[in-house]
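*Asks:* This is the structure I have questions about; it appears just below.
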Amino acid sequence: MNLLKPKTLEEKIVRILGQGAVKTTALLDKLALVGTRPTKQGLYSALRKLKGDDIVIVYRGTAALNVTWLKQLIEVLNRSLEASGGETSDIFALADKESVAYRFGTLRQLDNFWGHTQDIVVRATPSSEPVYTYDPHYWFYLARPEIEKAHITMANDLGKQFLMTVGGTAPLDIMIKKEFENDMRQYHTEQLFTSNTYYVVVIGDYVFESHFDEPTTHRIEMLYARYTTLTDEALKEFRELPQIKTRVRLKISRNHTRANKLKKRLRKNFLITQT
């Protein structure tokens, strides 16, 4: 979720609620002031999504940010500072071959922080640098589609290609491919790494890497084995994944040589339009 430059309706609602609780009937007027005019149906759909993600609470017709979510966000940022030795967590301070690591207690915390820092790097690197991504399964796209689509759209709007490689070939892996319909967002299924716990994103000289623990990985694999279509039951189980307790680490490195090696491996199945 990008709150500095909100693009999605959910992000704009959170930005407004950051200034205090608001009557749901007044949200449409406040959104109009920032150039957004959703329908009532669209507004309430976004509020339901934010409620489902425990970001917003609605009581007696008033919407407010969930204090528990805010505390968790602060906790994540504090952990980030501790993980970097108490110094600044600004990844642009990294010299070549330096890295910083962060630890999280849920996949939601990981995804929120990963997406935020990834967006920062996307904005700071040249448009000629695609976003190379490898997931064993792109389950984030099923569990949090609005958020994932916003990341992809932002990269494309900045002139960057989004190139997704997925290690799995289950029906739900194949199903997503139709969503990647042009050169700016491409999708390929092929196992490039032996471990099904390994997730990696490469942008310019920056490498984002994470290994999920075995119980979490097993749960994800079972979902892809159990469901061949995205039924309501399947969707419910995928949306529960970000909330499970886990121990997961994100490592962000600035390493020109390693980034180029990974990009060479990840680009071979795509049409690169920028040089």
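*Asks:* Taking amide hydrogens as modeled 1.01 Å from N in the peptide plane, which residues meet the under 5 Å criterion relative to VAL131, leaving out close sequence neighbours?
*Replies:* GLN161, PHE162, LEU163
*Asks:* All other residues with a Cβ under 9 Å from the Cβ of ARG254 taken together, and with Lys, Arg as +1 and Asp, Glu as -1, what is their net charge? Please list the in-between numbers first.
*Replies:* On the way: positive: LYS97; negative: ASP96, GLU98, ASP205.
Once all neighbours under 9 Å are counted, the net charge is -2.
*Asks:* So what's the angle, to the nearest 10 degrees on a 0 to 90 scale, between helix 24-33 and the longest Cα principal axis of the chain?
*Replies:* So the helix axis and the longest Cα principal axis differ by about 60 degrees.
*Asks:* Using a 10 Å cut-off on Cβ atoms, rank the peptides 53-64, 129-140 from the highest mean neighbour count down.
*Replies:* Result, highest mean Cβ count within 10 Å first: 129-140, 53-64.
*Asks:* Taking the Cα atoms of the range 9-65, what is the range of coordinates along each of the three principal axes, in descending order and whole Å?
*Replies:* 26, 21, 20
*Asks:* GNM, the chain, Cα, under 10 Å: largest mean-square fluctuation among LEU28, LEU142, LEU65?
*Replies:* Fluctuation is largest for LEU28.
*Asks:* Going highest first, how would you order 30-36, 167-173 by mean Cβ packing within 10 Å?
*Replies:* Top of the packing list down: 167-173, 30-36.
*Asks:* Then there is this: Please check: in the Gaussian network model of the chain (C-alpha springs, under 10 Å), which one of VAL22, VAL166, VAL200 has the largest mean-square fluctuation.
*Replies:* Comparing VAL22, VAL166, VAL200 in a Gaussian network model of the chain, the most mobile one is VAL22.
*Asks:* Among the aspartates and glutamates, select those whose C-alpha is under 15 Å from the C-alpha of LYS261, and discard any that sit fewer than 8 residues away in the same chain.
*Replies:* Straight-distance partners of LYS261: ASP96, GLU129, ASP205, GLU209.
*Asks:* Report, in cubic angstrom per residue, the convex hull volume of the C-alpha atoms of the chain. Intermediate results must be reported in sequence, preceding the final value.
*Replies:* Details: hull volume 38.2 nm³, N = 275.
Dividing the Cα hull volume of the chain by its residues yields 139 Å³.
*Asks:* While we're looking at this one, here's another question. Enumerate the calculated ³J(HN,Hα) couplings along the range 111-117 in order (Karplus 6.51 cos²θ - 1.76 cosθ + 1.60, θ = phi - 60°), each rounded to whole Hz, writing x wherever the residue is Gly or Pro.
*Replies:* Computed from phi, the couplings for the range 111-117 are 5, 4, 6, 4, x, 5, 5 Hz.
*Asks:* In addition: Compute the separation of the alpha-carbon centres of the range 201-241 and the range 1-56 and state it in Å as a whole number.
*Replies:* About 27 Å separates the Cα centre of the range 201-241 from the one of the range 1-56.
*Asks:* Here's a follow-up. Could you sort out which of LYS7/LYS51; LYS177/LYS263; LYS12/LYS97; LYS5/LYS51; LYS49/LYS264 sit more than 28 Å apart by Cα distance in this structure?
*Replies:* With Cα atoms farther than 28 Å apart: LYS12/LYS97; LYS49/LYS264.
*Asks:* What ³J(HN,Hα) values, in whole Hz, does the Karplus curve 6.51 cos²θ - 1.76 cosθ + 1.60 give for the range 210-221 when θ = phi - 60°, with x put for Gly and Pro?
*Replies:* Computed from phi, the couplings for the range 210-221 are 8, 10, 6, 6, 5, x, 5, 4, 4, 4, 5, 4 Hz.
*Asks:* Computed over the Cα atoms of the range 181-275, what is the ratio Rg over Rh, Rh following Kirkwood?
*Replies:* 1.01
*Asks:* Treating cross-link reach as a plain straight distance, find the aspartates and glutamates whose alpha-carbon is under 12 Å from the alpha-carbon of LYS268, omitting any fewer than eight places away in the same chain.
*Replies:* LYS268 reaches GLU190.
Every number here is computed from the coordinates shown, using simple stated rules; none is lab data. Since this is a predicted model, take the numbers as computed values, not measurements. FYI the Cβ positions are ideal-geometry reconstructions off the backbone, even for glycines, and counts take in every protein chain you see.
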